[in-house]
Every structure is written in C-alpha cells, then in structure tokens.
1. Count charges around Pro40 for me, please; just the other residues with Cβ under 14 Å from its Cβ, Lys/Arg as +1, Asp/Glu as -1.
2. With +1 on the Cβ of every Lys and Arg and -1 on the Cβ of every Asp and Glu, and nothing else charged, how large is the dipole of the chain about its Cα centre, in debye rounded to the nearest 20?
3. Divide by every residue of the chain the summed helix terms, -39500 (n - 2.57) for each DSSP H run of at least 4, and state the resulting mean residue ellipticity at 222 nm, rounded to the nearest 500 deg cm²/dmol.
4. Could you grab the relative contact order for the chain? Cα pairs under 8 Å, six or more apart, rounded to a whole percent.
5. Starting at the first residue of region 42-55, write each ³J(HN,Hα) from the Karplus equation 6.51 cos²θ - 1.76 cosθ + 1.60 with θ = phi - 60°, in whole Hz, x for Gly and Pro.
6. For a label point 7 Å from the Cα of Arg3 along Cα→C-beta, name the residues of region 43-68 whose backbone N is under 17 Å from it.
7. P(r) tail for the chain, what percent of Cα pairs lie past 21 Å?
8. Does anything in region 1-24 have its amide N under 13 Å from the 7 Å Cα→Cβ label point of Ile48, and if so which residues?
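None of the figures in this text is laboratory data; all of them are computed from the coordinates on show. Note that the structure is predicted; figures quoted are calculated from it, not measured. When we count neighbours, we look across all protein chains shown, and the Cβ atoms used for this are built from the backbone with ideal geometry, even at glycine.
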Amino acid sequence: MNRNAVIITSVGLVIGVAEALLYRSLGESAGGKFVFKIPPPKEFATTIAVVFFTSILTAAITNGIESMLPEDKKVPA
C-alpha cells in the first residue's frame, strides 16, 4: 500500500467514524434535544469495522483511477 492510500484510508476512517456517530446521535435525538453519545463497545467496534472497510475501498478505487491517468495528471507522492 502506498503512502497516498494510507493517508486516504486514515482520513476516511477518522471522518467516517465521526460522521457515523453524528448520524447515530441525530437519529436517537430525533424530536428532542441533541445529545452526542458513543454507542456500546460492540456496536462501536462494528461501526469502526464497516467504516474501515469502506475507507480501504475508497483508497483502492482512488488509486485505480489515478493509475489510469496520464503521468502529468497524477498527484505527486
């Protein structure tokens, strides 16, 4: 895995987990006062696993697209 893939995966994981927790809290707070909560450990681990998988997928797709670009259009590593 190259450096760009690691960066994309890491950033995607952090932002994705934060987004998932925000949406979960918004759903639980629907119609009431917003309260941000971390889910129980098993649910939190599942959330991290799903977001990690999608982050890896995003990095792989990004690298695949970048490899199809001409050299002068690629992002420097």
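1. On the way: positive: Arg24, Lys37, Lys42; negative: Glu28, Glu43.
Net of charged neighbours comes to +1.
2. On the way: 7 positive and 6 negative charges, 50 e Å.
Magnitude of the dipole: close to 240 debye.
3. Working: 2 runs with 54 residues, N = 77.
For the chain, the value works out to -25000 deg cm²/dmol.
4. Values: 47 pairs, mean separation 33.1, N = 77.
Averaging sequence separation for qualifying contacts and normalising by length gives 43 percent for the chain.
5. 5, 5, 5, 4, 5, 4, 4, 4, 5, 5, 4, 4, 5, 5
6. 63
7. Working: 1248 of 2926 pairs.
Every Cα pair in the chain considered, those over 21 Å come to 43 percent.
8. From region 1-24, the list is 13-14, 17-18.
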